[in-house]
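Below is one structure, written out as structure tokens, with a few remarks after it.
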Amino acid sequence: MLFPEIDKEKTIQNVTELLSSYGKLCRLSGVPQQKMVATFSAEPFAPTGANTNEQHIFDALDYQSQLKEINCAIKLLNVNYQQLLIDKYVKEYKDYWIYTKHSLSMATYYRDMKKAKFYFAEAYKKGALLVYV
């Protein structure tokens, strides 16, 4: 068998957990989420304020690296799947607003969202989120 069998439901669950933490990663990294929405790139950004000790800087750089990996994986998807994931997890829009915006039925939206998450799992760190049976 060329490709091992994948547990799609667990894989999609892994993606949902990772992408649901996108806003938190932005806050912890010191990169404003508005900047991520506007430019959709994770440029190096030194944290400001009271968190100037070395460990906080290393943590922020690690969070920035995770954001960069997420952004790179999203950019590997087709534009429709990119937009669904960006609207849901980067811009944090509600589901009903997203499927209305994209002129999708609710069933088509959820089906396409599952596909987008699965393809994201393949793209993220060369399949690091894939769960094999």
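The values are calculated or read from the model by the stated rules, or taken from the named source; none is laboratory data. This one's a predicted model, so the numbers in the text were calculated from it and none came from an experiment. With ideal geometry, Cβ positions are generated from the backbone for all residues, glycine too; neighbour counts draw on all protein chains shown. Surface accessibility is based on the protein's heavy atoms, side chains included, excluding ligands, DNA and RNA. Shrake-Rupley method; radii C 1.70, N 1.55, O 1.52, S 1.80 Å.
Might you check whether a residue that is in contact with a Leu (Cβ under 7 Å, 6 or more places away or on another chain) and in contact (Cβ under 8 Å) with a residue 24 or more places away in the chain occurs anywhere in the range 88-96?
Residues of the range 88-96 in contact with a Leu (Cβ under 7 Å, 6 or more places away or on another chain): 89.
Checking which are in contact (Cβ under 8 Å) with a residue 24 or more places away in the chain leaves us with 89.
Scanning the range 88-96 turns up at least one residue that is in contact with a Leu (Cβ under 7 Å, 6 or more places away or on another chain) and in contact (Cβ under 8 Å) with a residue 24 or more places away in the chain.
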Per the filter on the range 1-24, residues open to solvent by less than 40 Å² (accessible area, probe 1.4 Å) and under 10 Å from the mean Cα position of the chain (by Cα) are 15, 18, 19, 21, 22, 23
Cβ pairs under 8 Å, 6+ apart or interchain, first in the range 7-31 and aromatic (Phe, Trp, Tyr) and assigned to a helix (DSSP H, G or I), second modelled with pLDDT of 90 or more and open to solvent by 10 Å² or more (accessible area, probe 1.4 Å), ordered by first then second residue, are 22/89
